[in-house]
1. Per-residue HN-Hα couplings for the range 305-316, Karplus 6.51 cos²θ - 1.76 cosθ + 1.60 at θ = phi - 60°, whole Hz, x for Gly and Pro?
2. Past the 26 Å Cα-Cα mark, which pairs from 193/251; 202/282; 83/272?
3. Taking θ = phi - 60°, what integer Hz values does the Karplus form 6.51 cos²θ - 1.76 cosθ + 1.60 yield along the range 178-189, in sequence order, with x for Gly and Pro?
4. In what sequence, largest accessible area first, do 412, 72 appear using a 1.4 Å probe?
Amino acid sequence: NNPDDGSNEYEHALNHYKACDTLISMVRHDMKTKSDKIYLGKSANEVYDNAIEFLVIYSKSEKNKIKSENLISDAFYFSERNKSSVLLEALAGSEAQKFAGIPDSLLKKEHKLRIDIALFKKILAESEDSLKKVRFRNELFEKNREYDSLISVFEIEYPKYFELKYNHTPVTVNDIQKLLDESTAMISYAISKDHITIFLIKEDHFVVYDAYLPKDFMNRISILRDNISNTALIREDFKNNSDNSVKDYLKDSELIFNVLFPKALKKKIKNKIENLIIIPDKYLALLPFEVLITEHYDHEWTGWENTDYFSNMPFLIKDYNISYSYSANLFFETFPKTDQKPEFRDINDWLALAPVFDNDSVSGTNLRTRQLIEKNSSAGSDDLNTRAFLRDGTYISPLPGSEEETKEIFNIFEQNNKKAVLKTHKYANEEFIKSGILK
């Protein structure tokens, strides 16, 4: 129907979407396991996608111009609900347990139950023994019941836990604007089946853009990722078809950029803005925005030896410092709210991790700092069978430049009497991250 026809249907539709959101929130609160909440999120996805598209169209109608900003604020709210509910609740849950006065004994019990549940799920997924499956399915059922009962105890006997976990006020556009300076903008995307909505938030400005997506848009992103990924470098036909690969990359990158950064948006961020905070949605989270080409580039391709061909490309990273967040809510929750400097205990001023992914033997180097002598753990060889291949068979090309770069930065810290730690090669690993040294 025409939103200018004077009917109240659009108001009724908005109220229904808000009622759906309330219901989804209530159902999510009653669900205990993260997997159930993720499943609910998938089911709710269509509701939120439709609500966003509806509100943006509704805001453009002649009779709604006065309240247009309120309508697109509602659309932004639904976009955030779609992105962040499960993640934000998980974050709030961990914080709530810390501050709600729940005894350590119960927290340890909750931790053990989560481990047991994960273990039984793993056994069920891997086992082919039907009798064993029946046994562990029953075990899993009992552990899930026990876990649900424990969470209910938390929520009933420790009301502060419930308050901290569930009663967080959704972030508003105004909340985000208070965190931004004049050189920073947030761009949040909402993707539906055939539609894209783009929210631009600046310190003193809030606007929304929308458009229909090209039919093969997701496929274009997949092809672009393939053309810049390491797997492309080891395809047998890559050298013979490198000319086509580069041309495909330029074509896809330019198209994707023009969809994600329409002309009106580009105009709004062209002057003053230096920093972009990107909030992707769905498969956009797989896209490295930094490599997008911002204008047509038709220089003649003369082969891989011409490195200037690539360094002269108009990459988006040349125009802006780019950072990412899962949602505006999570950005707001984790953004430092005071000017106080963080307390550094055993952590150092700077930490570098450079896996390098080569198989050369590199001798260890002692790197001295004012308060710390840290052995640069470059010694030993990396086995390409375990270091350069991911579990799915994806090959990671050697990155010798990362070692050179981190060493140079380390030297700058040393010259300025700052503490620093550099971990390279096989010592840049998960074990170090989990060792507890980072506090």
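The values are calculated or read from the model by the stated rules, or taken from the named source; none is laboratory data. Note that the structure is a prediction, hence the values are computed from the model and not measured. Accessible surface is based on the protein model in full, side chains and every heavy atom, while ligands, DNA and RNA are left aside. Shrake-Rupley method; radii C 1.70, N 1.55, O 1.52, S 1.80 Å.
1. 5, 7, 5, 5, 4, 7, 5, 8, 5, x, 5, 4
2. Values: 193/251 23 Å; 202/282 23 Å; 83/272 29 Å.
Cα-Cα > 26 Å for 83/272; rest within.
3. Listing the rounded values in order: 5, 8, 8, 9, 5, 9, 10, 9, 10, 10, 10, 10 Hz.
4. Numbers: 412 90, 72 10 Å².
Accessible-area ranking of 412, 72, largest first: 412, 72.
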